[in-house]
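The values are calculated or read from the model by the stated rules, or taken from the named source; none is laboratory data. What you see is a predicted model; the values in this text were computed from it and never measured. Here the Cβ is made from the backbone with ideal geometry for all residues, glycine too, and neighbour counts use every protein chain on show.
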Amino acid sequence: MCGRYVLYGPDDSLIEAFDLRDVPRLPPRYNVAPGADVLVVLRGTSGERIARVMRWGLVPAWAKDPSPGAGLNNARAETVETRPAFRSAFRSRRCLIPANGFYEWQARATPKGRKQPWYVSPTDGPFFAFAGLMQRWGPREAPLYTTCIVTTDANALMAPIHDRMPVILARESWRRWLDPQTPLPELRPLLQPAPPEGMQAWAVSVAVSQARNEGSQLIERTAPAQP
């Protein structure tokens, strides 16, 4: 799964990395949690990439109210094509979710009964590009736009920490993922664990476990607690 991530930019780096004209202004975030407004990158009508703000937690178009979004911040790659909440978005409403890094909690408990959080970031650039889905819900005159992150099995780096991780797309896959006309057989191979060589991880403070905590100190390296 992916329950928290980091996006502090800066804006000019985002514009360059994702070939954008501009980006909506959002404050630097070091503890983005489900339910927050997040930045997504999608394909415009002319094929250009544009950035928009959406709520993290996908609300299916058929939902009676927005409440299902609270539990749909992740979509499993193994069932994204068939699960009713995600299959329509997977077929034609895909996006990228930029992140400077993400957190995951190690299964072993610390002495105080808390799981050890780890921060995971790229080694070959400033950003990950998570595979995302998006959906519009509600009346046309006042729609709610929501998104979620597709997850897959852990790679060799992540496996000692957690058994799941976000689907991280390589740059050469972005065009296919964003194009709503890409055939499904071409999408399925993209939903694999990213190579561990492009990632690094270190233990961070348990302060990140509280969604209300913010600031760059959350991604600072710390010694992992001993079990």
| remark: Taking the range 100-157 and keeping only residues that are more than 30 Å from Ser88 (Cα to Cα) and out of contact with any strand residue (DSSP E or B) (no Cβ under 8 Å at 6 or more places or on another chain), one is left with Pro111, Lys112, Gly113, Arg114, Asp124, Gly125, Pro126, Ala156
| query | Could you give every pair whose Cβ atoms fall below 8 Å, whose first residue belongs to the range 169-187 and is part of a helix (DSSP H, G or I), and whose second residue is small (Gly, Ala, Ser), counting only separations of at least 6 or pairs across chains? | reply | Arg171/Ala129; Trp174/Ala129; Trp177/Ala131
| message | Among the residues of the range 39-57, are any in contact with a helix residue (DSSP H, G or I) (Cβ under 8 Å, 6 or more places away or on another chain) and in a helix (DSSP H, G or I)? | response | no
| said: Of the residues Pro68, Pro111, Pro34, only one is on the phi < 0 side of the Ramachandran plot and modelled with pLDDT of 95 or more; which? | reply: Pro34
| task | For the range 139-160, name all the residues that are without any contact (Cβ under 8 Å) to a residue 12 or more places away in the chain and within 25 Å of Gly69 (Cβ to Cβ). | result | Pro139, Arg140, Glu141, Ala142, Pro143
| message | Just the residues that are over 15 Å from His162 (Cα atoms) and part of a helix (DSSP H, G or I), please, taken from the range 195-217. | response | Glu197, Gly198, Val206, Ala207, Val208, Ser209, Ser216, Gln217
| remark: Reported set for the range 22-38 where residues are surrounded by fewer than 20 Cβ atoms within 10 Å (Cβ to Cβ), charged (D, E, K, R) and either touching a strand residue (DSSP E or B) at 6+ places or on another chain (Cβ under 7 Å) or in a helix (DSSP H, G or I) (or both) is Asp37
| said: If I filter the range 59-76 for residues that are touching a strand residue (DSSP E or B) at 6+ places or on another chain (Cβ under 8 Å), under 29 Å from Asp12 (Cβ atoms) and in a loop (DSSP other than H, G, I, E, B), do I get at least one hit? | reply: yes
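Any idea which of Arg94, Arg52 is at pLDDT 95 or above, of a type in the set (Lys, Arg) and under 17 Å from Leu190 (Cβ atoms)?
Arg94
Any chance you could count how many residues in the range 1-21 are among the acidic types (Asp, Glu) and surrounded by 13 or more Cβ atoms within 10 Å (Cβ to Cβ)?
Looking only at the range 1-21, we keep the residues that are among the acidic types (Asp, Glu), and these are 11-12, 16, 19.
Next, only the ones that are surrounded by 13 or more Cβ atoms within 10 Å (Cβ to Cβ) stay: 11.
The total comes to 1.
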| request: Would you check if Asn100 is within 15 Å of the chain's Cα centre (by Cα), among the polar types (S, T, N, Q) and more than 21 Å from Ile219 (Cα to Cα)? | output: no
| Residue among Ile149, Ile161, Ile219 that alone is over 28 Å from Leu42 (Cα atoms) and at pLDDT 95 or above | Ile161
| request: Count, please, the residues in the range 3-21 that happen to be modelled with pLDDT under 95 and touching a strand residue (DSSP E or B) at 6+ places or on another chain (Cβ under 6 Å). | output: 0
